């Protein structure tokens with residue numbers, strides 16, 4: 001028996017309306033605007049055997065900066081896809097961006113100030129996509145971009161948000177629970 005195109009269309013409409021509907025949490029992302037990144041690497045960054053492109057680094061710093069300016073975070077151990085306010089009592093260390101407070105880490109460039117400065121932030125970097133909150137926080141040790149950004153800071157030429165690139169840190173091959181600096185051409189004194 002052959003189905004006519006009218007019958008096939010009717011069958012697909014009935015099937016589609018019979019599928020269960022999932023209530024997804026509504027989340028309004030801030031607008032993705034250009035961000036000026038001072039001292040961004042102009043080469044790939046290598047973290048162990050993982051290589052991040054310049055674009056991966058740019059998007060991680062840019063999205064972290066945009067979220068910081070919007071008082072939003074992504075990810076949480078309890079509510080991985082929920083948008084949280086930076087002032088939220090539910091904020092955990094797994095919500096990004098958040099201040100970079102890893103004092104055990106390599107020496108960041110002097111231009112980035114001191115560890116513990118609330119404007120020194122970290123945000124996950126991923127290959128080929130931007131981190132926007134996933135359920136992987138408990139099982140995945142994200143590599144993170146580290147950047148310096150004061151909320152509302154803009155460049156003088158285009159009035160875009162501006163951040164200073166400070167490095168990329170990884171837990172993947174760090175001893176214990178520490179972090180180590182990833183490498184890129186021209187990054188380090190040695």
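A few notes on this one:
- Odd one out for residue 142 among (1) within 19 Å of residue 95 (Cβ to Cβ); (2) modelled with pLDDT of 80 or more; (3) surrounded by 15 or more Cβ atoms within 10 Å (Cβ to Cβ): (2)
- Condition check for residue 128 on (1) buried (at least 17 other Cβ atoms within 10 Å of the Cβ); (2) at pLDDT 90 or above: one failure, at (1).
- Look at the range 31-46: where a residue is without any contact (Cβ under 8 Å) to a residue 60 or more places away in the chain and at negative phi and a partner is part of a loop (DSSP other than H, G, I, E, B) and surrounded by 15 or more Cβ atoms within 10 Å (Cβ to Cβ), sitting 6+ places away or on another chain with Cβ atoms under 9 Å, you get 31/70; 32/130.
- Taking the numbered list (1) more than 17 Å from residue 166 (Cβ to Cβ); (2) surrounded by fewer than 20 Cβ atoms within 10 Å (Cβ to Cβ); (3) at pLDDT 70 or above in turn, residue 113 passes all entries but (1).
- Test for residue 30: is it assigned to a loop (DSSP other than H, G, I, E, B), touching a helix residue (DSSP H, G or I) at 6+ places or on another chain (Cβ under 7 Å), surrounded by fewer than 15 Cβ atoms within 10 Å (Cβ to Cβ) and modelled with pLDDT of 90 or more: yes
- Some residue of the range 84-96 being under 22 Å from residue 39 (Cβ atoms) and either surrounded by 16 or more Cβ atoms within 10 Å (Cβ to Cβ) or modelled with pLDDT under 90 (or both): yes
The values are calculated or read from the model by the stated rules, or taken from the named source; none is laboratory data. Here the structure is a predicted model, which means the values were calculated and not measured. Don't worry about glycine lacking a Cβ; one is built from the backbone with ideal geometry, like all the others, and counts go over all protein chains shown.
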